[in-house]
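The block underneath contains the structure these notes are about, expressed in C-alpha cells.
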Amino acid sequence: MQRSTDTIQRLIHNVEQVIVGKRDLVEMLVVALVCRGHVLIEDVPGVGKTMAARALARSVALDCKRLQCTPDLLPSDITGVPIFNQKTVEFEFRPGPVFTNILIADELNRATPRAQSALLESMEEFQVSIDGQVHPLPAVFMVVATQNPIEMAGTYVLPEAQADRFLVRLQVGYPTLDEEVHIIGAQTSEHPIHALKPVVDEQELLQARESLKNVHMGIDVTRYIAAITAATRSHPAVRLGVSPRGSLALARAAKALALAHGDNFVTPAHVKATAPAVLLHRLSLRPQALTQGLTAAKVLDAVVYDIVAPPV
C-alpha cells in the first residue's frame, strides 16, 4: 500500500507544479482518477479549469484527447460513426474522441442536452453502443469535464442523470494575491505545463486501484455514510436527494483519500473531507428553499452536523 500512496503523492506534487495553491482541488482530481471516477470542474472562465485537467493528463503516461463542446456538437462527434468503405463494401466504425484514456470535455454545458447524453453510457458502463455493436473503452478511462456557471450566456443545464455520473464536482476559485503573483512570475517566459513530464504509468495507476481493496472500511463508517445520504432524501428543503450511486461514490472517494494519506482504514474525517465534492452536485433543492436563500452546501453542512460521527 505504501507504494500506491507514493504513486498518488507523486501525481499530486506533479500537478501542483502547474496548479498553484489548490491542494484540495488537485487531491480530489487524483482521488477520482484512482477510484475510476469522472470529474466535473465548474467555475467562471479563466481560473484554470482546463489547465487543471491538462496537467492531470500530462502527469500520467496515458492517451489524452480534448473535446471542445459547442452548440452544434453532435453525438457522433463524441462517440464516432460508421463509415462506408467502398473498397470492402462494408461499414467500418471510426472511433470518436471518447476512445481514449483521459477525455477532456471542455465547456460541457455549452453542448446541447442531446450531445451531452452521448457520454452517459461511456461514463457508467465504460462502453459505447452504436448500430447494435458494443465497443469497449480502455481499462483506464476518465472524463474530466469543465463547465461555466449556468447563469452565464450560452450554457445549458446539465441533466441530473448526467451530473450523477460524475464522481466529484470541483471548483477552482480565485487565487490569493501571493498565489497570483507566483502565477504571473512563473509564466513570464513559458507556461509551466510545457515542462510537465509524466510521473506515473498505467501499471502504477492500476496497482493503486488494486490497493483500494486493502483499505478497510468498518461497519460504523459504512453506516455513517448511509446515514448522511439517507438524511438528504428526507430533508424538507431537498427535492431530489443523494442516490445509492452517490453513497457508493462517497465510500470509494473516502477510501481513495485514505490511501492518499497513507492510512489503511477509513475514518469519519475522510468521509467529511470528500462529502462536499461527491454529494453537492447530487442534491436538488425545492424552489421554496431556494427563495429562502438555502443552498445545497448549507443543507449538506446541516445534515453532516446533525449526524453523530462514530468513534475512530
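The values are calculated or read from the model by the stated rules, or taken from the named source; none is laboratory data. No experiment lies behind these values; they were computed from the predicted model shown. A quick note on method: Cβ atoms are made from the backbone with ideal geometry, for glycine too, and the neighbour counts reach across all protein chains shown.
For the residues 11, 29, 40, the requirement of being more than 11 Å from the chain's Cα centre (by Cα), of a type in the set (A, V, I, L, M) and either within 22 Å of residue 275 (Cβ to Cβ) or outside the structural domain of residue 275 (by TED's automatic domain parsing) (or both) singles out 11. Of all positions in the stretch 49-58, at least one carries a residue that is over 26 Å from residue 127 (Cβ atoms) and either in contact with a Pro (Cβ under 6 Å, 6 or more places away or on another chain) or small (Gly, Ala, Ser) (or both). If only residues of the stretch 127-147 that are under 15 Å from the mean Cα position of the chain (by Cα) and not in a strand (DSSP E or B) are counted, the one that is modelled with the lowest pLDDT is 140. Evaluated against (1) surrounded by fewer than 18 Cβ atoms within 10 Å (Cβ to Cβ); (2) in contact (Cβ under 8 Å) with a residue 60 or more places away in the chain; (3) over 23 Å from residue 101 (Cβ atoms), residue 192 falls short on exactly one condition, (3).
Residue-level check: of (1) more than 18 Å from the chain's Cα centre (by Cα); (2) under 18 Å from residue 301 (Cβ atoms); (3) of a type in the set (D, E, K, R), residue 282 misses just (1). Scanning the stretch 283-293 for residues that are modelled with pLDDT of 90 or more and either among the aliphatic types (A, V, I, L, M) or within 15 Å of residue 226 (Cα to Cα) (or both) yields 283, 285. On inspection, residue 105 fails the criterion of being assigned to a helix (DSSP H, G or I) and either surrounded by fewer than 20 Cβ atoms within 10 Å (Cβ to Cβ) or touching a Cys at 6+ places or on another chain (Cβ under 8 Å) (or both). Restricted to helices (runs of 4 or more DSSP H) entirely inside the stretch 212-312, no element has at least 2 residues that are among the aromatic types (Phe, Trp, Tyr).
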